[in-house]
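K.L.:
The structure follows.
The values are calculated or read from the model by the stated rules, or taken from the named source; none is laboratory data. Computed from a prediction, not measured in an experiment: that's the story for all the values here. Every residue, glycine as well, gets a Cβ built from its backbone with ideal geometry; the counts of neighbours run over all protein chains shown.
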Amino acid sequence: MKPIQFVHLTDTHMNAPDTEGPFAKLQLAEKVKHVFGHIQQSGLRPSFLLITGDLSHEGDTADYAYIRKLLDEGSETIGAPVYVVLGNHDHRSPFREGYLGETASEEPYYYTHMIDGLRLIGLNSQVPGAHNGTIDDRQLAWLAEQLRTPASRGTIVAVHHPLLTINGMPGDHSLTNRDALMDVLAGTDVIGMMAGHVHSNNVGTFRGILSVAAAGTAFGGELADAEHFRMFDACSYNVVTVDQDGVAVSTVTLPTSNAEFFRFPLKALAEQH
Ligand SMILES: [Fe+2]
Ligand SMILES: [Fe+2]
């Protein structure tokens, strides 16, 4: 059976070039352009590229229109479609208007696509105004319906908030209803959950299903000391290979300065919900 490969990016935190703000001035969209160029140069021919949320950093319609243009160009560069899900720093209405070219609405964004026999299901765990995430009941019912029919190469579920407890991340940064989600996934053809949000690579299993939180493409996050968390210059993407043996996740790291962007008390992080 021919292996299927896809690229997993997360937490791109992009803004349009002329936007003001502490994250916007870091020009994080440039990193995503570098990633597309790097993929092309590496000779990888992915079936698709997935971005698991925090596409923008508190973006407006103009930011999302810029992101769409950038990702369309990137898609052409690597010769593969790009699929996205929303993260807690994304906003539904400007995303629908600027990225999808639809009428602004607060409807959750979720979908299913079949690519080379592998099914990709994107879910909307982002809840307006919340830092953590939840898959609403309507999506859970829809997901159960989709999974009644298996795909020939299995299913990958993409969501922003991770399932696993993350080393060094205080507070509730995972899905609030991960058990309800896993009840739906039990006994189905799902071979992996792809997530982000925590800006560090975290790979494991949750109730026997591969659960990946990829490192951030825009910046990394880690414990600085016993009382502080820091965000620093970093850039990476994961290459996921699905073959007859299972699912393999390889991280590709691009060179950066590693300089610290922000540092804040763990207490503040623990209080975010
Ligand atoms: Fe993020
Ligand atoms: Fe996030």
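K.L.:
Given the conditions (1) in contact with a strand residue (DSSP E or B) (Cβ under 6 Å, 6 or more places away or on another chain); (2) in contact (Cβ under 8 Å) with a residue 40 or more places away in the chain; (3) buried (at least 16 other Cβ atoms within 10 Å of the Cβ); (4) not hydrophobic (A, V, I, L, M, F, W, C), which single one is not true for Thr251?
P.N.:
So Thr251 meets the others, but not (3).
K.L.:
Do you know which residues across the range 195-248 are within 15 Å of ligand 1 (Cβ to nearest atom), part of a loop (DSSP other than H, G, I, E, B) and of a type in the set (Gly, Ala, Ser)?
P.N.:
Of everything in the range 195-248, those that are within 15 Å of ligand 1 (Cβ to nearest atom), part of a loop (DSSP other than H, G, I, E, B) and of a type in the set (Gly, Ala, Ser) turn out to be Gly196, Ser200, Ala214, Ala215, Gly216, Ala218, Ala234.
K.L.:
If I filter the range 216-248 down to residues being hydroxyl-bearing (Ser, Thr, Tyr) and surrounded by 16 or more Cβ atoms within 10 Å (Cβ to Cβ), which single residue comes out as farthest from the chain's Cα centre (by Cα)?
P.N.:
Narrowing the range 216-248 to residues hydroxyl-bearing (Ser, Thr, Tyr): 217, 236-237, 241.
Now drop any that are not surrounded by 16 or more Cβ atoms within 10 Å (Cβ to Cβ), which leaves 217, 236-237.
On the way: Thr217: 10, Ser236: 12, Tyr237: 11 Å.
For the range 216-248, the residue satisfying everything is Ser236.
K.L.:
Filter the range 19-46 down to the residues that are part of a loop (DSSP other than H, G, I, E, B), away from ligand 1 (no atom under 16 Å from the Cβ) and either under 19 Å from the mean Cα position of the chain (by Cα) or more than 22 Å from Ala248 (Cβ to Cβ) (or both) and list them by number.
P.N.:
Thr19, Glu20, Gln27, Pro46
K.L.:
I would also like to ask the following. So in the range 128-147, with the set limited to residues that are part of a loop (DSSP other than H, G, I, E, B) and modelled with pLDDT of 95 or more, which one is farthest from Gly59 (Cα to Cα)?
P.N.:
Across the range 128-147, the extreme among qualifying residues is Leu147.
K.L.:
Out of Leu49, Leu70, which single residue is assigned to a helix (DSSP H, G or I), surrounded by 17 or more Cβ atoms within 10 Å (Cβ to Cβ) and not hydroxyl-bearing (Ser, Thr, Tyr)?
P.N.:
Just one listed residue meets the conditions, Leu70.
K.L.:
Taking the conditions exactly as written (in contact with a Phe, Trp or Tyr (Cβ under 8 Å, 6 or more places away or on another chain) and more than 25 Å from Asn201 (Cβ to Cβ)), does Pro94 satisfy them or not? Give the steps one after another, and end with the answer.
P.N.:
On the way: in contact with a Phe, Trp or Tyr (Cβ under 8 Å, 6 or more places away or on another chain): yes; more than 25 Å from Asn201 (Cβ to Cβ): yes.
So Pro94 passes the test.
K.L.:
On the given criteria, is Val157 farther than 30 Å from Lys267 by Cα, under 15 Å from the mean Cα position of the chain (by Cα) and not small (Gly, Ala, Ser)?
P.N.:
yes
K.L.:
I'd like the full set of residues that are touching a helix residue (DSSP H, G or I) at 6+ places or on another chain (Cβ under 7 Å), under 21 Å from Ile156 (Cα atoms), touching a residue at least 40 places away in the same chain (Cβ under 8 Å) and not in a loop (DSSP other than H, G, I, E, B), limited to the range 77-92.
P.N.:
The first filter runs over the range 77-92 and keeps only residues touching a helix residue (DSSP H, G or I) at 6+ places or on another chain (Cβ under 7 Å), leaving 77-78, 81-82, 86.
Cutting the leftovers down to under 21 Å from Ile156 (Cα atoms) gives us 78, 81-82, 86.
Okay, now just the ones that are also touching a residue at least 40 places away in the same chain (Cβ under 8 Å), so 78, 86.
Of everything in the range 77-92, just one residue is touching a helix residue (DSSP H, G or I) at 6+ places or on another chain (Cβ under 7 Å), under 21 Å from Ile156 (Cα atoms), touching a residue at least 40 places away in the same chain (Cβ under 8 Å) and not in a loop (DSSP other than H, G, I, E, B), namely Ile78.
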